[in-house]
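Working notes, structure below.
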Amino acid sequence: GVGLSVHGHFRVATEKTVFAMPETAIGKYAMYCLFPDVGGGYFLPRLAGKIGYYLALTGFRLKGRDVQKAGIATHFVESEKLPALEEDLIALKSPTKENIADLLNSYNVK
């Protein structure tokens, strides 16, 4: 899940996205310490403004645009535009980070 995919160069969220690491909430109800997966334990404390600590300690879920605002998603695209984005990504002749970024930026909703 998130612990693996968050390390990708590009992460797209939509209005339907829900970011959750429910394993972090287990500690609230059991006699155990906070124990997110290895990937979560790495990236959560590195999010800006201590939001990662909050997410880790509470198990709170982020939805939609808040996933991008927290720095987890790199782009926000309306879900109805995902099929067109996928077609445009597939149509790239020689994909590079730069032209993928340009394409994602063209779909990114500010």
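The values are calculated or read from the model by the stated rules, or taken from the named source; none is laboratory data. Everything numeric in this text was worked out from a predicted model, so none of it was measured. Don't worry about glycine lacking a Cβ; one is built from the backbone with ideal geometry, like all the others, and counts go over all protein chains shown. Ligands, DNA and RNA are stripped out before the accessible areas are found, and what is left, the full protein with its side chains, is counted by its heavy atoms. Shrake-Rupley method; radii C 1.70, N 1.55, O 1.52, S 1.80 Å.
In the stretch 96-106, the condition of being under 15 Å from the mean Cα position of the chain (by Cα), under 17 Å from residue 6 (Cα atoms) and modelled with pLDDT of 90 or more is met by at least one residue. Could you check the stretch 39-74 and list, in sequence order, the residues that are open to solvent by less than 40 Å² (accessible area, probe 1.4 Å) and of a type in the set (Phe, Trp, Tyr)? The answer is 43, and nothing else.
Restricting to the stretch 75-84, count the residues that are touching an Asp or Glu at 6+ places or on another chain (Cβ under 7 Å) and open to solvent by less than 60 Å² (accessible area, probe 1.4 Å). Result for the stretch 75-84: 1.
Evaluating residue 16 against the criteria (1) modelled with pLDDT of 95 or more; (2) under 17 Å from residue 104 (Cα atoms); (3) not in a helix (DSSP H, G or I) leaves one unmet condition, (2). Restricted to the stretch 40-110, the set of helices (runs of 4 or more DSSP H) holding at least 1 residues that are of a type in the set (Asp, Glu) comprises 65-69, 82-91, 97-107.
The set of residues from the stretch 85-107 being under 15 Å from residue 12 (Cβ atoms), surrounded by 10 or more Cβ atoms within 10 Å (Cβ to Cβ) and either out of contact with any helix residue (DSSP H, G or I) (no Cβ under 9 Å at 6 or more places or on another chain) or basic (Lys, Arg) (or both) comprises 86, 101, 102, 105.
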